[in-house]
Amino acid sequence: MRSCSRPEGVEDLLEVVGNNSSGTNRNDSSSVLDALRDRARLAEGRHAPPSAGIIDSASGRAAETVGAGTRGFDASKKINGRKHHIAVDTVGLLICVLVTGADTQDRTAARDLLARLKHHCPSVPHLWADSGYTGTLIDRARSLFGITLDIVAKLAGQVGVVVLHRRWVVEPSLAWINQHCRSVRDCERLPEHHEAIVRWAISTTSKLLT
């Protein structure tokens, strides 16, 4: 059953975020997600700011309301829609998200995702990723953002699902996104609107946060 409810304690967090905000409306999905992630990390005895993370992506189908200019066809997945590009910490908690057309290559979208990550969470100097992020992106990440990108490739002769070191952490996060009734199918006209839906989906379905 897909969840659309608010996790326990979010109402209190909304009030705290609003009271501590200098802007006119900071009761947004990003602020709530940050507060929930910090609370979860502190509860585990970790520092609130993450020091490392994992990036990955997943394509999802889009409704007719999504225009041709912001959607695409993922040939490998046979999906016409949009793609979620996410960065999570080493626990699997979402740090930031970027939504593009499903035809966008991971290494291309990662340029904007890393810029967003550096701006939003500059404490992350190290990332793990799959082989879709190889090439010039590794040097770009180091020179522009000071981030070391470590590629975790599939095992030689790998058949079926295998839990790979570090990379597996991001898989539950992608699954939590698809468990939410508003993100299983993209109906938003603007990608940034769906990014907010993704943040809300993680905030309400992630077992680590709720």
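Just a few scattered comments:
- If you go through the range 191-203 and keep only what is over 13 Å from LEU98 (Cβ atoms) and of a type in the set (A, V, I, L, M), you end up with ILE197, ALA201, ILE202.
- Within the set GLU44, GLU11, GLU15, the sole residue that is exposed (fewer than 13 other Cβ atoms within 10 Å of the Cβ), acidic (Asp, Glu) and modelled with pLDDT of 90 or more turns out to be GLU44.
- Any chance THR104 is assigned to a loop (DSSP other than H, G, I, E, B) and either over 17 Å from GLU188 (Cα atoms) or basic (Lys, Arg) (or both): yes
- A count restricted to the range 129-141 and to residues that are among the charged types (D, E, K, R) and either in contact with a Cys (Cβ under 7 Å, 6 or more places away or on another chain) or not in a helix (DSSP H, G or I) (or both) stands at 1.
- Members of the range 52-90 that are out of contact with any helix residue (DSSP H, G or I) (no Cβ under 7 Å at 6 or more places or on another chain), surrounded by fewer than 22 Cβ atoms within 10 Å (Cβ to Cβ) and of a type in the set (A, V, I, L, M, F, W, C): ALA52, ALA63, ALA68, PHE73, ALA75, ILE79
- Yes/no for ALA87 being outside any loop (DSSP other than H, G, I, E, B) and among the aliphatic types (A, V, I, L, M): yes
- Any hit, the range 156-163, residues being at pLDDT 85 or above and not aromatic (Phe, Trp, Tyr): no
- Subset of the range 183-198 [part of a loop (DSSP other than H, G, I, E, B) and buried (at least 19 other Cβ atoms within 10 Å of the Cβ)]: SER183, GLU188
Conditions (1) more than 20 Å from VAL170 (Cβ to Cβ); (2) touching a strand residue (DSSP E or B) at 6+ places or on another chain (Cβ under 9 Å); (3) in a loop (DSSP other than H, G, I, E, B); (4) of a type in the set (A, V, I, L, M, F, W, C), marked per residue:
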| site | (1), (2), (3), (4) |
| --- | --- |
| PRO50 | no, yes, yes, no |
| GLY81 | no, yes, no, no |
| LEU114 | no, yes, no, yes |
| SER143 | yes, no, no, no |
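- In the range 48-55 there is no residue that is over 20 Å from the mean Cα position of the chain (by Cα) and free of Cβ contacts under 8 Å to residues at least 40 places away in the same chain.
- One residue stands out in the range 74-111 among those that are without any contact (Cβ under 8 Å) to a residue 24 or more places away in the chain and of a type outside the set (A, V, I, L, M): the one that is nearest to ALA52 (Cα to Cα), namely THR108.
- Any hit, the range 115-122, residues being under 26 Å from ASN178 (Cα atoms), at pLDDT 95 or above and surrounded by 21 or more Cβ atoms within 10 Å (Cβ to Cβ): yes
The values are calculated or read from the model by the stated rules, or taken from the named source; none is laboratory data. Note that the structure is a prediction, hence the values are computed from the model and not measured. Every residue, glycine among them, receives a Cβ derived from its backbone with ideal geometry; neighbour counts consider all protein chains shown.
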